Amino acid sequence: RGQGTLSVVVRCYGEGMRLVLSQDITERERADAMRRDFVANVSHEIRTPLTVLSGFIETMSSLPLTEAERRRVLTLMGQQTERMQGLVSDLLTLAQLEGSPRPAADRWVSLDALLTRIQSDAVALSAGKHQITVQPATQVELAGVESELLSAAANLVTNAVRYTPAGGQIDVVWRELPGGAGELSVQDTGLGIAREHLPRLAERFYRVDGSRSRETGGTGLGLSIVKHVVQRHGGELSIQSEAGKGSRFNLQFPPARVRHAGEPALGVEA
Ligand code: ADP
């Protein structure tokens with residue numbers, strides 16, 4: 001499609017214009033294709049639990065069920081409803097992140113307070129199935145939006161629990177990097193991810209193993225949310241992983257967003 005439009009432009013306007021216009025068209029087509037993919041993905045993700053729910057409604061209205069069966073069906077219906085709620089909540093979070101400008105340093109957030117909450121989330125999610133360590137980062141503060149930082153870290157920890165079999169190890173570590181930057185890492189000894197998937201992992205709805213992710217309550221949006229949050233905070237998400245061995249997800253923050261309590265801020269007013 002792009003090629004046909006391009007040849008008309010060449011005849012009318014010449015070389016320079018051709019390049020600019022063809023790039024515009026390709027960009028627009030790519031954006032349109034992404035939008036179509038996104039809508040198709042959302043529709044699919046919503047249709048699946050809806051189909052299951054309508055099957056259960058049919059069952060309940062047409063079959064005489066015992067009390068135990070009725071309770072079982074209601075539990076399963078509740079799970080499907082929760083799945084849709086999770087999806088809608090992640091979609092709203094993503095829309096908010098994409099729609100608003102990069103946050104100023106809302107305020108200085110205590111990393112230790114953040115880590116304490118992450119630890120209790122991780123322990124509750126794991127329900128004793130994993131060894132979990134969260135190293136304290138005393139006195140360190142990050143400039144940003146606390147709820148967003150918490151949501152990014154919580155997504156990483158949820159994934160670590162979700163994709164690490166029982167008995168595995170999960171570590172949350174803060175490291176100081178040269179020049180005043182810092183890195184929050186969530187590391188696990190879980191399933192790991194084959195190299196070819198890594199570049200696409202933070203795309204919306206990209207999953208390595210769709211059925212496993214859905215079974216464990218995944219929406220396929222978690223890492224997109226993480227990536228947006230860290231980029232809005234001037235940082236980067238990086239991923240190291242090896243299939244069968246485990247993964248490490250790193251949130252790197254620039255010096256301007258990191259300080260030790262009592263130190264003057266490096267370039268960020270908060
Ligand atoms: P999901 O809701 O499916 O977990 P994410 O965007 O959070 O979506 O992650 C995308 C995919 O990346 C997951 O479906 C899973 O295949 C893979 N993944 C994420 N975190 C891990 C991890 N810690 N270990 C192994 N695979 C992971």
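The values are calculated or read from the model by the stated rules, or taken from the named source; none is laboratory data. From a predicted model like this one, the values you see are computed outputs, not experimental measurements. When the accessible area is computed, the model is the full protein with side chains, heavy atoms only, and any ligands, DNA or RNA have been set aside. Shrake-Rupley method; radii C 1.70, N 1.55, O 1.52, S 1.80 Å.
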**Fill in**
Treating every alpha carbon of segment 48-92 as one equal point scatterer without solvent, the Debye formula yields log10 I(q)/I(0) values at q = 0.20, 0.28 Å⁻¹ of -0.63, -0.96
**Asked** Considering only protein heavy atoms and a 1.4 Å probe, what is the carbon-and-sulfur percentage of the accessible area of segment 72-199?
**Response** 54
**Prompt:** Of the residues 31, 40, 113, which exhibits the maximal mean-square fluctuation in a Gaussian network model of the chain defined by a 10 Å Cα contact cut-off?
**Reply:** 31
**Request:** Only bridges with both residues in the chain count here: give the DSSP antiparallel percent, nearest 5.
**Result:** 90
**Asked** Hey, what did the chain get for relative contact order, percent, Cα under 8 Å, at least 6 apart?
**Response** 17
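Grab the Cα-Cα distance for residue 203 and residue 176, subtract it from 0.36 nm times how many residues apart they are, and report the gain in nm with one decimal.
Length gained, residue 203 through residue 176: 6.9 nm.
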**Request:** Could you work out the Kirkwood radius for the chain, taking every pair of different alpha carbons, averaging 1/r and inverting it, reported in Å?
**Result:** 21.4
**Asked** What accessible area per residue, rounded to a whole number of Å², is obtained for segment 50-125 using a probe radius of 1.4 Å?
**Response** 64
**Asked** When N counts the residues of segment 171-270, how does its alpha-carbon radius of gyration compare numerically with 2.2 N^0.38 Å, as a ratio?
**Response** 1.23
